[in-house]
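**Q** Sending over a structure as structure tokens; questions will come in a sec.
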Amino acid sequence: MIPIRDMIRSRRFPVVTVSLIVINLLVFLYQGYLGTQEPLWDDWQDERIAWLQAEHVPPPIFDLYYGASELQKNLRSTSRISGSVWTYPIGQDDWFLMQYALVPAELLGGQDLPPAIPVPIWLTLISAMFLHGSILHVLGNMLYLWIFGDNVEDAMGPVRFLIFYLLCGALASLAQIAIGPGSSVPLVGASGAIAGVLAAYFMLYPYARVLTLIPIFFFLRLVAVPAVFLLGFWFILQVISGAGSLGSSSGVAWFAHIGGFIAGLILVFPFRRRGIPVTLWQSLRRGRFRR
């Protein structure tokens, strides 16, 4: 199911939602631009050699980072023991992504592996939210943010909404890290933060209709679906997919989606404006669920 638009008009211009969308798109365009530039060959070798010579760097972290990373699988040295250097250059787009992506092994190990970033490593909890791996990845995330973000921003106000968004994204990443604390696979994308936004919408506007593209056999049909069913189905799908991914490698951070959604369910209470009802919670307390 692909949501197209909801039926609730925001009362004011969603400045934070639009700004987040613009920033994400600009960063992705910058990634694309870097991909057209000359690869980094000498710089990569120099930094890696210097790092290998640093005795305080724990070898297990090296094995994790350079042995399992999807971005590095085609760039690995043939033998770590012999101290061989890279036989391939690395694209500037991959270099940028590896700098600012969130790598669980790095964060928990407290070791910022090459390519290093000029800021504390914990800030990758934030920077990773603005990186994406493909055009479909970024466009899909921005579609959901555009549809559901404006109304949640209305209910919270711009400043609170921005803090809510970033906090949900950080907690989402921590949820994924809890599942694979030694993982060297970079985490990128706004999905965890947007999952928190979906949860807030789920709680605040459960009965709002969302125009949704639904495949029915060989046809696509537009149906106005209540948000409580659409977003509830989305969350259940994440849980099922996350459970299925346990013990296997997956290119999707399912538990970041789950963690972000749960964070949003809880944080919507303190972050909403005074007087804004948490509609779904009130319905459950009264024992009534409106159709």
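The values are calculated or read from the model by the stated rules, or taken from the named source; none is laboratory data. Since the structure is predicted, the reported quantities are computational estimates derived from the model, not experimental observations. Glycine gets a Cβ as well: all are built from the backbone with ideal geometry, and neighbour counts include every protein chain shown.
**Q** Anything in the stretch 9-18 that is farther than 10 Å from Asp154 by Cβ and under 17 Å from the mean Cα position of the chain (by Cα)? List them, or say none.
**A** Scanning the stretch 9-18 gives no hits.
**Q** Here's something else I'd like to know. Tally the residues that are within 21 Å of the chain's Cα centre (by Cα) and over 29 Å from Ser10 (Cβ atoms), restricting the search to the stretch 254-287.
**A** 2
**Q** Looking only at the stretch 264-280, count every residue that is of a type in the set (A, V, I, L, M, F, W, C) and closer than 15 Å to Leu231 by Cα and tell me the total.
**A** Here the count works out to 2.
**Q** Ser173 - would you say it is within 20 Å of Trp234 (Cβ to Cβ), of a type in the set (S, T, N, Q) and out of contact with any His (no Cβ under 6 Å at 6 or more places or on another chain)?
**A** yes
**Q** Something else about it: For the stretch 121-139, which residues satisfy the criterion of being surrounded by fewer than 16 Cβ atoms within 10 Å (Cβ to Cβ) and over 18 Å from Gly91 (Cβ atoms)?
**A** Listed by number, the residues that qualify are Trp122, Leu123, Leu136, Leu139.
**Q** In the stretch 232-245, how many residues are within 16 Å of Ala175 (Cα to Cα) and over 19 Å from the mean Cα position of the chain (by Cα)?
**A** Final tally of qualifying residues: 0.
**Q** Pairs please, first residue from the stretch 108-135 and closer than 18 Å to Ala178 by Cα and modelled with pLDDT of 90 or more, second anywhere and of a type in the set (Val, Ile, Thr) and surrounded by fewer than 19 Cβ atoms within 10 Å (Cβ to Cβ), Cβ atoms under 8 Å, 6+ apart in sequence or on different chains.
**A** Short answer, once both residue conditions are applied: Leu123/Ile117; Thr124/Ile117.
**Q** Testing Leu213 on (1) without any contact (Cβ under 8 Å) to a residue 60 or more places away in the chain; (2) surrounded by fewer than 23 Cβ atoms within 10 Å (Cβ to Cβ), one condition comes back false. Which one is that?
**A** (1)
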